[in-house]
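Working notes, beginning with the structure itself.
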Amino acid sequence: MCAPSSSSSTSLGNHRAPLTGYCRANADHQASSVLIAMTAMIIVFCVLNLAYLRYANRKKAERRAEQGGVIDTSTWHTEGDRHPHFIYSY
């Protein structure tokens, strides 16, 4: 545990109170750990999303091949992103 220095204090208006029981190094370490963990989670979810979009585009390419590649514009508005010619961008 680190002890607060005598010069460490917090300004509360006109009153200055010492930082008792507060270790700045541990708080910085904890905050950095949280930031690193959140960054790692963002990276993992981005990779999972990329993998899913690639998989979905491959499945749509198979559906297009089964239908002979003919674009049916009458169903485009009703099917939306489920239409075989809708390609997910990433």
### Query
Given the structure, is Gly21 out of contact with any Phe, Trp or Tyr (no Cβ under 6 Å at 6 or more places or on another chain), modelled with pLDDT under 90, of a type in the set (Gly, Ala, Ser) and not in a helix (DSSP H, G or I)?
yes
### Query
Is at least one residue of the stretch 59-77 surrounded by 10 or more Cβ atoms within 10 Å (Cβ to Cβ), within 23 Å of the chain's Cα centre (by Cα) and in contact (Cβ under 8 Å) with a residue 12 or more places away in the chain?
no
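The values are calculated or read from the model by the stated rules, or taken from the named source; none is laboratory data. Please read these numbers as outputs of a predicted model, since none were measured by experiment. Counting neighbours? That spans all protein chains shown, and the Cβs are built from the backbone with ideal geometry, glycine included.
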